[in-house]
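Take a look at the structure below.
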Amino acid sequence: MPLFGKGMLVVFSEVKARDERDFNEWYNREHIDERINLPGFHRARRYVAVRASPKYLATYECDSVGDLATPGYLQLLANQTPWTQAVMARFTQFHRLTLRTQVDLSHGVGGAVACVRFVPDPRERKPLVAWLQETVLPRVIARPGLLGAFAAETDLEVTNAPLQEKSMDHPKADEAEWVVMIEGADAASVGAAARAQFKLATLKPFGVAVAPTIGTYRLLFGNQR
């Protein structure tokens, strides 16, 4: 089954150990359900690191990346619940990506994902998409224990929309980071596949100057409508 739409929000976060119980309860009992009931949203999943930093990863699938910049969504960001405000005040790490899916070879739901992050030259988008679609991702998901993969590109205008909406004095994102997620039965399988195929040498033809960040995570919780 492909992803539920062409847009995705990906969030990396972390809190101190003493705050993790409340953080996890908030995510599982309030935050995921609040998000998937927004117009355009369909499924959310969250993960904990096996070999990665930050420790927690969450994905939210929506019809299009534009759903992450609608007036209703931005209003929700600006008017958070008391529990949300309390939890987010305790974040020690937080990174948010609003993504437009470019390749989707997903198939079902696995117990683990490998997350690959890199920044290519925007002028190399077309050959990068072709390489991912026709060569590397089909090769990856043919490995034993692998269930699917997708690749998505940051939409900078949507990423910066909350800052523009609230006139926030924070640095705006200026690099179109890409995310590849490889899904499978276990963290060892997805991690091995990601490390075998996504190296600086294989990404250099697409203008990638820094080695990709690769992390592995296991599934904690998900919900959909």
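The values are calculated or read from the model by the stated rules, or taken from the named source; none is laboratory data. None of the values given here were measured: they were computed from a predicted structure. No Cβ is skipped: glycine too gets one built from the backbone with ideal geometry, and neighbour counts run over all protein chains shown. Heads up: the accessible areas ignore ligands, DNA and RNA and are worked out on the full protein's heavy atoms, side chains in. Shrake-Rupley method; radii C 1.70, N 1.55, O 1.52, S 1.80 Å.
Details
- Residues of type aspartates and glutamates that Lys204 reaches as a straight line, Cα spacing below 14 Å, ignoring anything fewer than 8 places off in the same chain: Asp121, Glu124
- Cβ-Cβ distance of Asp63 and Ala201, R₀ of 35 Å, FRET efficiency by 1/(1 + (r/R0)^6): the value works out to about 0.45.
- Comparing Arg18, Arg123, Arg96 in a Gaussian network model of the chain (Cα springs below 10 Å), the most mobile by mean-square fluctuation is Arg18.
- Spin-label zone in the range 83-98 - amide nitrogen under 18 Å from a point set 7 Å from the Cα of Val48 along the C-beta vector: 91-93
- Once the Cα-Cα distance is subtracted from the 0.36 nm per residue extended length, the Glu175 to Val129 segment shows a gain of 14.8 nm.
- For the chain, the solvent-accessible area with a 1.4 angstrom probe is 47 square angstrom per residue.
- Share of carbon and sulfur in the accessible heavy-atom surface of the range 1-153 [1.4 Å probe, %]: 52
- Average projection area in nm² (convex hull over Cα atoms of the chain, one quarter of hull surface): 11.6
- Under the Debye formula (equal points on every Cα, no solvent term), log10 I(q)/I(0) of the range 1-127 at q = 0.10, 0.11, 0.19 Å⁻¹: -0.35, -0.42, -1.24
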